[in-house]
Amino acid sequence: MRKLRRWGPGLLLIAPSLIALGVFVYGFIGWNIRVSFTSWRGLAPKYDFVGFDNYTALARDERFSLDIKHVVVFTIAFVVGSLVLGFVMAMLLERGIRAESVFRTVFLLPMAISFIATAIIWRWLLDNGGGRTAGLNKLFADVGLGFLRSDWHKTDSSFAIAAIALPAGWALSGYVMALFLAGLRGVPDELREAARVDGANEPRVFWHVVRPMLLPVVMSAVVILAHISLKTFDLLYAIDGKNLNIDVPALYMWFTTFDGGFYARGATIATLLLLGVAVVIVPYIWYSVRSERR
Amino acid sequence: MSTAIRSRSAPWVTTAKYVALFALLVFFLLPVYALLVTALKDPSEVSVTRMWELPGSLSFASFTAVWPKLQDGFVNSVMLAVPASVLSAVLGAMNGFVLSKWRFPGADFVFPLILFGMFSPYQAILIPMVQVMSDAGLRGGLDGLILVHVIYGLPITTLIFRSYFAGISDEIIEAAKVDGAGMLRTFFFVALPVAPPAFAVAMIWQFTSAWNDFLFGAVLTNRDYWPITIALNNIAGGQTVPFNEAMASALLACLPTVAVYVILGRFFMRGLMAGALKG
Amino acid sequence: MTDVIRTPPSGIRLEGVRKRFPGGVDAVRGVDLDVSPGEFMVLVGPSGCGKSTLLRMIAGLEETSGGRIMLGDKDVTTELPQQRDVAMVFQSYALYPRMTVRKNLGFGLRMRGAGSAERERRVVEVAEVLGLSHLLDRRPAALSGGQRQRVAMGRAIVREPKVFLMDEPLSNLDAKLRVSMRAQLSLLHKRLGVTTVYVTHDQIEAMTLGQRVAVLRDGSLQQCDTPQNLFHRPVNLFVAAFIGSPSMNFVRATVSDGFVHFAGVSVPLPASASGSSGSSLAGASGAVSSVAASGSAVGSASGAASGSAVGSASVAASVAGPVILGIRPTALSVPSAGGPGVRLTVVPDLVEDLGDERYVIFELDAERVDTDATRAAVDATTADDALLVPDAERARFTARLPADAPVAVGEPLDLTVDPDRLHLFDPATGNALR
């Protein structure tokens, strides 16, 4: 195999990483699935086999059903909100405003801080404990926007979690903005110029020339945001982790495993989470690798 | 900006734009304002209902109260984030180089597999990871945490360098081959010299990611080795915590990453523009 | 050997070299080629003909799917590029961006273990030859296009390799610079005497630079010969159409009784097939002897033509039936008053005035020749690719006349055809018949 000399060194260099990832990602995923087929409860691992019992139990579990609903609500609110906000910010900055870099820096700043810190800050902003008016509500009242007062995530509504889309959007819209800015600026000038020469005014140039080219960006953003939303743990845990009204699978998994000791159930939830993320991510990876090959 | 003639927007449109931008600025800076204002207040002035008022007098009492509790966490995080970001950047550079410029059969198949590691939820590996780390004696201290951050950081750093190195023309690599350089020498003499922007992106990203992580720190470290996010959550997590201390500790915990971002941000941007993280 | 390069040049021999890419594309099909030591060999052909692939296989950058590559006496077919002693100049120059010119030039020596004193000596020496001495501490980004090109060449020269390989190094220069660089390349080759294989898609470059030129099409070697022979004795339709600018004119004709008839005109074919026209198929039966500029005799067979059976040697008298007739633009001339020769009366549609000559373009009352070969020669894939307004049905000819020729658009013009410069091709195989 004379060809081995050509590419052998490369494979050797990357092999440790491949092995490490093989174990820590795929090996562990497989292991986790195995655990989901056991009845492990308590600190001592137990590797029996109970088939799909854990899965059927979850299907009947009330808390889990609520969790699914919550995570869907959250995802929709978060993704749509961030998309809209990010898009607006990109459009405002696209033409090159003075001090553009100042605006960009501020909008991207939240990405630098941890979700824990974000949660702590926003917990107080969204505070409405004990019937008093505080936090954002107080601000609204002070500036005459009192009608915007809300109980945020403490409401009894099952849509309470939508309130958390606010801090989440605050943290990540900057990223969406960066994606859109790159997309908008990636439209070749020549296309826009051809349209202008053909007689289109700016709004039409945008609608007919730029907008169609933004589709890949939107898809990218939706996929990335959706998968982040499914994985979100830190933010919810620190804002109001024990509030069942904003419970999500990620939180349930944590509490049931590390607080309750129900390892098997935790593994099952985790596996389902993985499936949910995979449904979104795998097509995306496949699509972007395919189009890169072209 | 091009010098081509552009239709100038009507004045009201420009004004509306600036108004909108300003409103957005307010929205984004609101929490920062609340944070600063509260942290700098004298403890007696602090109350949730009066959070929007400026401090009567500047006071660093909250910081001095909170720092001793955060100090260990701060140090731990530094000892975690720095090695982790350097190591995963170096490994990412090697991987990225191989995957873009010294490919082997199946490289294009292996890459998506690596990428998936970046996207998979950590819940799905948590239980096995805890088991393995305990068994290997790596649970409790920072070693295991660093290891885990390096390994799970491999997909993103590999992606960054792969995208970046793809921008080097193949002909330069071929010229090196014809000149007599093998893979390692091509990597050192040809690829690495042009890689600083990608290193900036990878290290800034990984530093931020390691510094801000909560989940791994929570399951893998003992009290003495808690990173700052855990310390922060313990200080500020309860409902009965003094409000000012919570804000002060959050501020202190964020400082390094914000400083990195503000000071090194332009290198980050330059690296992104130069092709890291495309797709 | 010369003053700058002290190693003796090697020859290159390719035997049955093939390349099939994954996916089934046959980029190179069984090429046999012999390059003499010190020779300047050009590989030319339209895009996709396999010339670059062939070059890269000589360099070791592509694996062969079959056949042998010999550098001098050594079989290097399985060797990595690092192990072969070749130097390559790339189309984009491929200078190492973060290294100074000095480091760029010295890199190859460094990789081969030369000490820093020796590297410095060689680098300074070559820099002087190429006029780069004052640029040694600059980075490629601070150099002009021409300077970068010289550094790329210098990098190759410093290593004193057995062979130079050049992949379209002049393509990135603009037209006038390209012409002047061509001449300088030739002079440099004379001085250095290194065996060179040079790839280009520009047949003018090929003709002016090459001591011998190998014409490739779709991975097969069509003809490998001196520029003169390629021009005057093309072995098939493709080579005839590809070489020469403006292109050879083609028209469908019939031959009978020693005359070729086309467009209402009959031109007598010269009776003897021997003598100046040489053997009928220049490459079919073995050695075409041509003398390389360096004075050593070169004998080499060209490889198979487009795969079809090579027609047997035919004397003019035995050719009969339908043919494709080729006439070079310079084979048409304004007849001297009352002189001999068959007259052709045409009406020019267009006259391109170039200063000291004119291209006169007219249509003939005959069908346009459109075959795979003629299309491939201009890089067109379908019949209408080469036409801006795809409605031409009749053959369109270009004649190259002196500037004082009495030509006017729309006015009938008399031209004569030089019967010694007619090329006949078999319509089925495209091979030359005469």
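The values are calculated or read from the model by the stated rules, or taken from the named source; none is laboratory data. Because the structure is a prediction, the values reported are computed rather than measured. Note that each Cβ is placed from the backbone with ideal geometry, even for glycine, and that neighbours are counted across all protein chains shown. These area figures cover heavy atoms from the full protein model, side chains too; ligands, DNA and RNA do not enter into them. Shrake-Rupley method; radii C 1.70, N 1.55, O 1.52, S 1.80 Å.
Overview of values
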quantity	calculated
Residues that are within 30 Å of A:Gly86 (Cβ to Cβ) and small (Gly, Ala, Ser), drawn from the stretch B:14-61	B:Ala16, B:Ala20, B:Ala23, B:Ala34, B:Ala39
Residue within the stretch C:93-116 that is within 26 Å of the chain's Cα centre (by Cα), of a type in the set (Ser, Thr, Tyr) and more than 14 Å from chain B (Cβ to nearest Cβ) present	no
Enumeration of residues in the stretch A:268-281 that are in contact with a helix residue (DSSP H, G or I) (Cβ under 9 Å, 6 or more places away or on another chain) and over 21 Å from B:Pro128 (Cβ atoms)	A:Val280
Restricting the stretch B:232-245 to residues that are open to solvent by 10 Å² or more (accessible area, probe 1.4 Å) and at the interface with chain A (Cβ under 10 Å from one of its Cβ atoms), the residue that is farthest from A:Trp254 (Cα to Cα)	B:Phe243
Qualifying positions in the stretch A:44-56 - open to solvent by 60 Å² or more (accessible area, probe 1.4 Å) and either facing chain B (nearest Cβ under 9 Å) or in a helix (DSSP H, G or I) (or both)	A:Pro45, A:Asp53, A:Thr56
Among the residues listed as B:Val26, B:Val13, the single one being within 11 Å of chain A (Cβ to nearest Cβ) and within 18 Å of A:Arg104 (Cβ to Cβ)	B:Val26
Residue within the stretch A:77-96 that is open to solvent by less than 60 Å² (accessible area, probe 1.4 Å), facing chain B (nearest Cβ under 7 Å) and at pLDDT 90 or above present	yes
Total residues in the stretch B:171-184, condition within 11 Å of chain C (Cβ to nearest Cβ) and under 31 Å from the mean Cα position of the chain (by Cα)	1
In the stretch C:57-98, the residues that are assigned to a loop (DSSP other than H, G, I, E, B), closer than 16 Å to B:Glu171 by Cβ and open to solvent by less than 30 Å² (accessible area, probe 1.4 Å)	C:Gly60, C:Leu61, C:Pro81, C:Phe90, C:Tyr93, C:Ala94, C:Leu95, C:Tyr96
Boolean, B:Leu192 is touching a residue at least 24 places away in the same chain (Cβ under 8 Å) and closer than 15 Å to B:Asn95 by Cβ	yes
Test for A:Arg60: is it buried (at least 16 other Cβ atoms within 10 Å of the Cβ), of a type in the set (Lys, Arg) and without any contact (Cβ under 8 Å) to a residue 60 or more places away in the chain	no
Matching entry among A:Val248, A:Val187, A:Val217 (being of a type in the set (A, V, I, L, M) and in contact with a His (Cβ under 9 Å, 6 or more places away or on another chain))	A:Val248
Options A:Leu230, A:Leu225, A:Leu244: the member that is of a type in the set (A, V, I, L, M) and over 21 Å from A:Ala278 (Cα atoms)	A:Leu244
Qualifying residue in the stretch A:202-216 (condition: within 30 Å of A:Lys69 (Cβ to Cβ) and more than 11 Å from every other protein chain (Cβ to nearest Cβ))	yes
Within the stretch A:22-43, considering residues that are open to solvent by 70 Å² or more (accessible area, probe 1.4 Å) and not in a helix (DSSP H, G or I), the one nearest to A:Asp247 (Cα to Cα)	A:Arg41
Unique match (being aromatic (Phe, Trp, Tyr), within 13 Å of another protein chain (Cβ to nearest Cβ), closer than 27 Å to B:Ile168 by Cβ and touching a Phe, Trp or Tyr at 6+ places or on another chain (Cβ under 8 Å)) among B:Phe104, B:Phe111	B:Phe104
Matching residues in the stretch A:239-261 - criterion: being more than 8 Å from chain B (Cβ to nearest Cβ), of a type outside the set (Phe, Trp, Tyr) and free of Cβ contacts under 8 Å to residues at least 40 places away in the same chain	A:Gly241, A:Lys242, A:Thr256, A:Asp259, A:Gly260
Near pairs, Cβ below 7 angstrom, 6+ apart or cross-chain, from the stretch C:61-73 (closer than 18 Å to A:Arg5 by Cβ and within 14 Å of chain B (Cβ to nearest Cβ)) to any residue that is modelled with pLDDT under 90 and surrounded by fewer than 16 Cβ atoms within 10 Å (Cβ to Cβ)	C:Glu63/A:Lys3
Residues satisfying the stated conditions in the stretch A:65-76, i.e. away from every other protein chain (no Cβ under 14 Å) and either more than 19 Å from the chain's Cα centre (by Cα) or in contact (Cβ under 8 Å) with a residue 40 or more places away in the chain (or both)	A:Ser65, A:Leu66, A:Ile68, A:Lys69, A:His70, A:Val73, A:Phe74
Sole residue being buried (at least 22 other Cβ atoms within 10 Å of the Cβ) and either basic (Lys, Arg) or assigned by TED's automatic domain parsing to the domain that holds B:Asn76 (or both), chosen from B:Ala166, B:Ala181, B:Ala107	B:Ala181
Close pairs (6 angstrom Cβ cut-off, 6 or more residues apart or separate chains): open to solvent by less than 80 Å² (accessible area, probe 1.4 Å) in the stretch C:5-22, among the β-branched types (Val, Ile, Thr) and in a loop (DSSP other than H, G, I, E, B) anywhere	C:Ile5/C:Val194; C:Pro9/C:Val194; C:Val17/C:Thr64
Complete set of residues in the stretch A:183-211 that are under 27 Å from A:Tyr287 (Cα atoms) and open to solvent by less than 70 Å² (accessible area, probe 1.4 Å)	A:Gly183, A:Leu184, A:Gly186, A:Val187, A:Pro188, A:Phe206, A:Val209, A:Val210
Set A:Phe159, A:Phe180, A:Phe140: member being surrounded by fewer than 18 Cβ atoms within 10 Å (Cβ to Cβ) and either touching a residue at least 24 places away in the same chain (Cβ under 8 Å) or β-branched (Val, Ile, Thr) (or both)	A:Phe159
Any hit, the stretch A:111-128, residues being open to solvent by less than 30 Å² (accessible area, probe 1.4 Å), at pLDDT below 75 and either touching an Asp or Glu at 6+ places or on another chain (Cβ under 6 Å) or part of a helix (DSSP H, G or I) (or both)	yes
Test result for A:Gly8, more than 13 Å from B:Ile127 (Cβ to Cβ), at pLDDT below 90, in a helix (DSSP H, G or I) and not polar (S, T, N, Q)	yes
Strands (runs of 3 or more DSSP E) wholly inside the stretch C:148-262 containing at least 2 residues that are crowded, with 18+ Cβ neighbours inside 10 Å and modelled with pLDDT under 90	C:249-256, C:259-262
